[in-house]
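Where a number appears in this text, it was derived from the coordinates with a stated rule and is not lab data. Keep in mind that this is a model prediction, so the values were computed, not measured. Because the Cβ atoms are built from the backbone with ideal geometry, glycine has one as well, and the counts that use them run over all protein chains shown.
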Ligand code: HXC
C-alpha cells in the first residue's frame, strides 16, 4: 500500500512540474507566473480541486508518442473565490506552449459541462500557442467543442477570459464568445494571425504588441474589457469582479455588507452641474457618490470614454451603471459608445443585475465617419438593449437629454421603471442654438431677434418640467438625495416581473 501511495505522489509531483524547471524559469523570466501560481492567487487558499491531473494526449505523429506530459498543457478544476464556486481552466505554457490537443480540449469541455450543470462561472486563463500543430484536425475538433459550450453557456453562466501570454489562432475565439476579456500589459497579446502571416499576406510589418497587445485591444478594437500591469494585479481584480456577479442566470447577484447609509444626503452633488451648460463635469463623481463606499468596477474604461459602464453596489447588491460622460466629446453617443453600452446592458439583463442610468447627452455624433461606420445600426443596438432589458431600470437625467439620445438612454418610453431628473435637466429635441437656427431661419441675420428666440426656447424647453408635466419623468429630485431615491426605488422593484411576447430569440441589429 505504501508503494502505491508513493506512486501517486510521484505522479502528482511530476504533473505539478508541467514542462519542467527550465521552462518554468523561462516563464518567470518573461514576468509571467505559471498556471499553478496563477491559481493560487485567483482562488481562496487551499480551495482548488484539480480534475484530470493525469490526462495525456494520444497523438503518435511527429514523435509525439515520445513526449507526454501529465495534464497536457492545461490545469482544470474548481475552487472558490470569497467562498463562491467557480470552474477554471488555466493553460500551461510550459507544456507544448499551452497548445490545444484533443485531450486538452476534453479537459476544458468537462469543466464547461460541469459548470453548466451546477450553475457557476467559468474562468479561462490563456497563455498558449493555438492548435497543437501535430494533432491536425483533432485539435480543430477540440476547439469546436469548446466554442459550442461557450455559446450554450452564454447568458446562463458568467464566462471570463484572462489573457496572460500569447493567445493566437484557435485560442482567440473562445474568449471572444465569453462575457469579459482582461489582459496583462506587455506580456499578453491576442490575434487571429500573427505578425509573420500578416507580413506575408498584407506586407505590413507590425510587432505582436502593435498587432494585438493590451493597449490595442483596450483602446482600439474594444476586444478587451480591461488591462492590468502584471499577473498578480490582474488576478486580484478578477476576484473583485467575481464578487459583483451572480453565479448563474438562476440566481440574484450576491449581496455583501454595506457600511454607507443611503439616507445620508450628499450636499456636494447640488453643485456638481456647472452654471454654464456647456462646461463639462465628471460623471464618475456621481457614480462614486451613489455606489456603496464608492466601489466601482469599470468595464472598458479606456474605450469610448464618452460613456461609462461598470458595476457597483447599492445597499450591498450589485447594479450596472451606464452613464454619459460630459468630460469626453460632451458625452455624445457615437457608434463605439453605443456598442459598448449595449453589450454591457445585455450582460446585466442576462444576469439579473438592475440598471442605473445617468443621462447627460447632447445627441448622436454627426459626420460621415459615423454615418459610413453604421451609426444607425450601432445606435439601435443600445436602444434595443435598453428596451428589451427586463431587469429593474432606474434613470436619472442630470443635464442634457437631447433628441433621439433622450429616447435611447433608458427613457420612460424604453420601459424604464423609474425616471428621475435633476432640476438642472434640459430635455428637448436639440440644443437652443441649433433649434432656433432651424425654426427661425428667416431671422438668422438679426442677432437681436435670434437672441430673443433663443431665450424663449431655453425657457420653454431647457428644463425638466415639460417632461414631468407629461409623466415622462416620475419626479424631479434634488441632486443631494439621488442615492437615497435610487436605493428606495431599487427596493421597490425587487419583485419586478415582466412578460415578453413569445419568441425564439430577438434579432438585435448586429
Ligand atoms: C505545438 C507548440 C505550439 C503549437 C508553441 N508550441 N506553439 N507546440 N503546437 N501550436 C511549443 C513550441 O514548440 C515550444 O516547444 C514551446 O511551445 C514554446 O514555444 P516557443 O515558440 O519556444 O515560444 P515563444 O518564442 O514564446 O513563442 C510563442 C508563440 C509561438 C508565439 C505562441 O510558439 C508560435 O508562434 N506558435 C505557433 C502559433 C500557431 O501558429 N499556432 C497554430 C495556430 S492555427 P519546446 O519543446 O521548444 O518548449 C490555429 C487554428 C485553429 O490555432 C483554428 C480553430 C478555429
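General remarks:
- Put in order of Cβ neighbour count within 10 Å, fewest first, the listed residues 500, 114 become 500, 114.
- Ordering of 170-178, 440-448 by packing is 170-178, 440-448, highest average first (other Cβ atoms within 10 Å, averaged per residue).
- Distance (nanometres) between label positions extended 7 Å along Cα→Cβ at residue 205 and residue 413: 5.5 nm
- In the chain, the longest principal axis of the Cα atoms and the axis of helix 102-118 are about 50 degrees apart.
- Shape call, the stretch 196-288: gyration tensor on alpha carbons, a/c limit 1.5: oblate
- Gained length - residue 61 relative to residue 510, 0.36 nm times residue gap less alpha-carbon distance: 157.4 nm
- Antiparallel bridge percentage (DSSP; both residues within the chain; nearest 5): 35 percent
- A quarter of the convex hull surface defined by the alpha-carbon atoms of the stretch 385-453 gives 5.4 nm² as the mean projection.
- Residues residue 192 and residue 145, FRET efficiency given R0 of 25 Å [Cβ-Cβ distance, rounded to 0.05]: 0.80
- Shape class of the stretch 344-500 from the alpha-carbon gyration tensor: oblate, with a/c at 1.5 or above and b/c at least as large as a/b.
- Residue 12-residue 255 FRET efficiency (beta carbon distance; Förster radius 41 Å; 0.05 resolution): 0.60
- Cα gyration tensor shape for the stretch 1-123, rounded if a/c is under 1.5, else prolate or oblate: rounded
- Which of 233, 196, 52 has the fewest Cβ neighbours within 10 Å, and the rest in rising order: 196, 233, 52
- Alpha-carbon centroid distance for the pair the stretch 331-357 / the stretch 46-119, whole angstrom: 34 Å
- For the pair the stretch 237-290 / the stretch 435-499, the C-alpha centres are spaced 23 Å from each other.
- DSSP-defined antiparallel bridges as percent of all bridges, the stretch 19-128, nearest 5: 75 percent
- Full-extension gain in nm, residue 266 to residue 41, via 0.36 nm per residue minus C-alpha separation: 77.3 nm
- Residues of the stretch 260-293 falling in the label zone of residue 492, defined by backbone nitrogen less than 17 Å from a point 7 Å along Cα to beta-carbon, are 263.
- Full extension of the chain segment joining residue 275 with residue 114 gains 52.3 nm, where the gain is 0.36 nm per residue of separation less the Cα-Cα distance.
- Each 5 Å bin from zero up to the one holding the largest Cα-Cα distance in the stretch 113-263 carries the following percent of pairs: 2, 9, 16, 18, 18, 16, 10, 5, 3, 2, 1, 1, 0.
- Mean Cβ neighbour count within 10 Å, used as a protection proxy, ranking 3-9, 416-422 highest first: 416-422, 3-9
- Using C-alpha pairs below 8 Å separated by at least 6 residues, the relative contact order for the chain is 9 percent.
- Arranged from fewest to most other beta-carbon atoms within 10 Å of their beta carbon, 497, 38 become 497, 38.
- Degrees between helix 137-153 axis and first principal axis of the chain (Cα, 0 to 90, nearest 10): 40 degrees
- Helix 447-461 vs. the chain, principal-axis angle (Cα, 0 to 90°, nearest 10): 70 degrees
- In the chain, the DSSP-assigned H stretches of four residues or longer account for a calculated mean residue ellipticity at 222 nm of -11000 deg cm²/dmol, using -39500 (n - 2.57) per stretch and the full residue count as denominator.
- Inter-label distance, nm, simple model (7 Å from Cα along the C-beta direction), residue 85/residue 239: 2.2 nm
- Residue 282/residue 2 FRET efficiency (R0 56 Å; Cβ-Cβ; nearest 0.05): 0.25
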